[in-house]
Amino acid sequence: MEKRVTFNSRWLPYLLLGPQLIITLVFFFWPSGQAMYQSVLIEDVFGGNSKFVWFENFAQLFRDDSYAHSAQLTVVFSFLVAAIGLGFSLLLAVMADRVIRGATAYKTFLVWPYAVAPAVAGVLWGFLFNPSVGIVAWMLQGIGIEFNYVINGNQALLLVVIAAVWNQISYNFLFFLAGLQSIPKSLIEAAAIDGAGPGRRFWDIIFPLLSPVGFFLLVINIIYAFFGTFGVVDALTKGGPGHATNILVYKVYNDGFRGQDLGGSSAQSVILMIVVIALTFVQFRFIERRVHY
């Protein structure tokens, strides 16, 4: 017998949905619409004069070599953050699922990093790898590795990737662990009785059943890499050295708030929004076909 929820008041459903709809409209749709409007304008710093220029701001971006560099950098950065974060989180979740003694403490320690804000994560990792006072930089120097992310662009990018992955790893870990614990143990035991080893059981049984969780986290991590890593970059490198970590989301801020190019910055944000929507569509359209529900 199917149970259906009934509302005695016809206005109650709208009242319950109202706060979420208001938040979505005010903090998502309205800023998006404002960015699309400003992307076709050239404005002065104080907003007193504006000129409608159609798609000139977009054309200027595609002629800008620095924008092309930031786009290529964002692709590499997003791939590294998503791939390393998901892979390492899955490994930790599998290990945590097998822990018997001290399991609660082990899982708690793995969840804690998610409570750290991205900007704080950037400051923390910057302090650890600081070339003057950082303990990790000092240890690396002791074994002959000169690590100075302040002047070395590749090292700066590596450090930003590490900080971004560390900040997101707890979120991925929670979902992977929940997915592992929802898999019926009888399936794994039956495979073990049939002679399947740990690796075979993981790839043939556990990994396919984790595909819905993995697909969800793939979408979330790509969006995080495009947007949520702004605080890490701003606190750690501010896009430097030499624009080596100037990913698209930070370039939007840098050009808009520092360079006062409001039209160009809005055009960048619109392109970034379209790219993320397109990537999400492609993932749902093609990758989801391989997901086993």
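A few notes on this one:
- Of the solvent-accessible surface of the stretch 199-279, computed with a 1.4 Å probe and all protein chains present, 70% belongs to carbon and sulfur.
- Aspartates and glutamates whose Cα lies under 19 Å from that of Lys51, excluding same-chain neighbours fewer than 8 positions away: Glu43, Asp255, Asp261
- Cβ-placed point charges (K, R +1; D, E -1), dipole of the chain about Cα centre in debye, nearest 20: 900 debye
- Using C-alpha pairs below 8 Å separated by at least 6 residues, the relative contact order for the stretch 130-247 is 34 percent.
- Kyte-Doolittle at least 1.0, axis length at least 27 Å by Cα - qualifying DSSP helices, the chain: 65-98, 153-182, 262-285
- Among Leu187, Gly85, Gly197 the positive-end extreme of the charge dipole of the chain (Cβ point charges): Leu187
- Partner aspartates and glutamates for Lys185 [C-alpha distance under 17 Å; skip if fewer than 8 residues away on the same chain]: Asp97, Asp194, Asp204
- Cα shape, the chain, gyration tensor, a/c 1.5 rule: oblate
- Which of Lys51, Lys251 is most accessible, then next, and so on - probe 1.4 Å: Lys51, Lys251
- Taking label positions 7 Å along the Cα-Cβ direction at both Arg10 and Gln141, the computed distance is 7.5 nm, reported to one decimal.
- Helices in the chain, meaning DSSP H runs of at least 4 residues, each add -39500 (n - 2.57). Divided by all residues, the mean residue ellipticity at 222 nm is -20000 deg cm²/dmol.
The values are calculated or read from the model by the stated rules, or taken from the named source; none is laboratory data. Keep in mind the model is a prediction, meaning the values are calculated, not measured. Glycine gets a Cβ as well: all are built from the backbone with ideal geometry, and neighbour counts include every protein chain shown. Quick note on the areas: whole protein, heavy atoms, side chains included, nothing else; ligands and nucleic acids left out. Shrake-Rupley method; radii C 1.70, N 1.55, O 1.52, S 1.80 Å.
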